[in-house]
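All remarks here apply to the structure that follows.
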Amino acid sequence: ALGTMLAAVLLLLALARPASAAPDGASRRAEALKRLLEVFGIEDPPAPPAHVKQPPQYMVDLFNAVANADGVTKNPGVLEGNTVRSFLDKTHSEKMHFLFVLSSVAKNEKILTAELHLFRLWPRASDGPRRHHFCQVSVYQVLDKTRPEAPEGRKLLATRLLALQGSGWEVFAITQAVRDWTEDESSNQGLLVSVQSLGGGPPDAPGVRFASGRDHHESKKPMLVLFTDDGRRGASLPTGAFPGASRGLPMTLPRASGPRSTRSLDRLQPCQRHPLSVDFEEIGWSGWIISPRGYNAYHCKGACPFPLGENMRPTNHATVQSIINALKLSEGVSSPCCVPDKLYSINLLYFDDDENVVLKQYDDMVAGSCGCH
């Protein structure tokens, strides 16, 4: 809601003040950081990865498709839901059996789409010529890990024909299986991938091979990608792609308000948008946030004097209130306030507590324009 956006602005202003500004400055800063985490839907800041870790290229590319370098949404229609989670295989086995631990998925998250991403390797020269040029790849949900190869021990999720020649990512939809796992964590016994020759040969005999989680580069490891929605929605103000999104934004936090004379001067200025930038490194979050380094939230400041011009983007209600205030037709009626009338979302790419990479979109985080309301 709009109140959430305004509260976030106040928090950013509080964080901008040096801790020495007051005796209880440190505790105020700690409280502000806690409240800011709540705005981002996080209870405690995740610990930075123990070792230098590169995020999956797919997640980086997705972030770049959705947001500009400052995290502001430039293509609102790209994401399905507001959260994308990536998980790497935990089995580290050479066999095509995969297990993804989904404990970080919140109970209130709705699973919209789940995809298994497998990197297909070029066939080995030792495989020699093949009579058939295609093979069948099947993905199964394991129901009984003691006998996953038996018909009753697995459930078919997806199947397709693949040419023996080629390399690159293959994506299989496995949404229903993941929904089962999130409803009953104990039912998650992993996935099994089978490659079958069209000539009737034994499984795994054809030249199609996928990178495993053990012996291949981090960028090619099997990955589960979830598109979810946590139900968090913002105000009913206009939203959309951020205009001029490619321009860089200043990343230095503003300092505390100036002398009283300066603040008085501010009140005489017309309602307009002013920078309000937050630097994640300065706040202490750069260890777990991958992108962006910070963003400019902007804030609205200034007077809404009578008569309100069109440049102040007044609502009809604000215009009437301004007239009543100017003519003193009713006691206790103040002049309209300078507030955001258009809001933009931002996106964070970050490591969660389990070192999985998450892309999350947050509504109402940037004041796109200001008006008298």
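The values are calculated or read from the model by the stated rules, or taken from the named source; none is laboratory data. Since this is a predicted model, take the numbers as computed values, not measurements. A quick note on method: Cβ atoms are made from the backbone with ideal geometry, for glycine too, and the neighbour counts reach across all protein chains shown. Side chains are part of the model used for accessible areas, which takes the heavy atoms of the whole protein and leaves out ligands, DNA and RNA. Shrake-Rupley method; radii C 1.70, N 1.55, O 1.52, S 1.80 Å.
Each row is one residue, and each column tells you yes or no for (1) farther than 30 Å from Lys53 by Cα; (2) open to solvent by 30 Å² or more (accessible area, probe 1.4 Å).
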position	(1), (2)
Gly284	no, yes
Gly332	yes, yes
Lys342	yes, yes
Leu349	no, no
Ala367	yes, no
Query raised in the report: List the pairs whose first member sits in segment 68-90 and is more than 8 Å from Phe227 (Cα to Cα), whose second member is in a loop (DSSP other than H, G, I, E, B) and among the β-branched types (Val, Ile, Thr), and whose Cβ atoms are under 6 Å apart, counting only residues at least 6 apart or on separate chains?
Result: Lys90/Val101
Requested in this report: Only residues that are open to solvent by 60 Å² or more (accessible area, probe 1.4 Å) and either at pLDDT 65 or above or within 16 Å of Ala163 (Cα to Cα) (or both): list them for segment 201-218, please.
Outcome: Pro203, Asp204, Arg209, Arg214, His217, Glu218
Query raised in the report: Phe306 fails exactly one of the following numbered conditions: (1) in contact (Cβ under 8 Å) with a residue 60 or more places away in the chain; (2) out of contact with any Cys (no Cβ under 9 Å at 6 or more places or on another chain); (3) more than 26 Å from Pro56 (Cα to Cα); (4) aromatic (Phe, Trp, Tyr). What is the number of that condition?
Result: (1)
Query raised in the report: Has segment 245-256 got any residue that is in a loop (DSSP other than H, G, I, E, B) and modelled with pLDDT of 50 or more?
Result: no
Report task. Kindly list, by first and then second residue, each pair from a residue in segment 277-291 that is in contact (Cβ under 8 Å) with a residue 12 or more places away in the chain and at negative phi to a residue that is β-branched (Val, Ile, Thr) and buried (at least 19 other Cβ atoms within 10 Å of the Cβ), limited to pairs with Cβ atoms under 8 Å and residues at least 6 apart or on different chains. Result -> Phe280/Ile289; Ile290/Val357
Query raised in the report: Val333: at pLDDT below 90 and of a type in the set (Val, Ile, Thr), yes or no?
Result: yes
Report task. Identify the residue in segment 143-162 that is touching a helix residue (DSSP H, G or I) at 6+ places or on another chain (Cβ under 7 Å) and either in a helix (DSSP H, G or I) or modelled with pLDDT of 90 or more (or both) and, among all such residues, is surrounded by the fewest Cβ atoms within 10 Å (Cβ to Cβ). Result -> Leu143
Query - Single residue of Gln165, Gln136, Gln176 found to be at pLDDT below 85 and open to solvent by 70 Å² or more (accessible area, probe 1.4 Å) - result: Gln165
Query raised in the report: What pairs come up if the first residue lies in segment 331-356 and is more than 15 Å from Ala47 (Cα to Cα), the second is among the β-branched types (Val, Ile, Thr) and open to solvent by 10 Å² or more (accessible area, probe 1.4 Å), and their beta carbons are under 7 Å apart, counting only those six or more places apart or on different chains?
Result: Val333/Ile324; Leu343/Thr239; Tyr344/Thr239; Ser345/Thr239; Leu348/Ile289
Query - Residues of segment 69-116 satisfying the condition of being polar (S, T, N, Q), open to solvent by 40 Å² or more (accessible area, probe 1.4 Å) and within 14 Å of the chain's Cα centre (by Cα) - result: Asn75
Requested in this report: Look through segment 287-320, keep the residues that are open to solvent by 60 Å² or more (accessible area, probe 1.4 Å) and in a loop (DSSP other than H, G, I, E, B), and return whichever of them is nearest to Gly71 (Cα to Cα).
Outcome: Arg293
Requested in this report: Check whether at least one residue in segment 85-93 is more than 22 Å from Glu218 (Cα to Cα) and at pLDDT below 85, and report yes or no.
Outcome: no
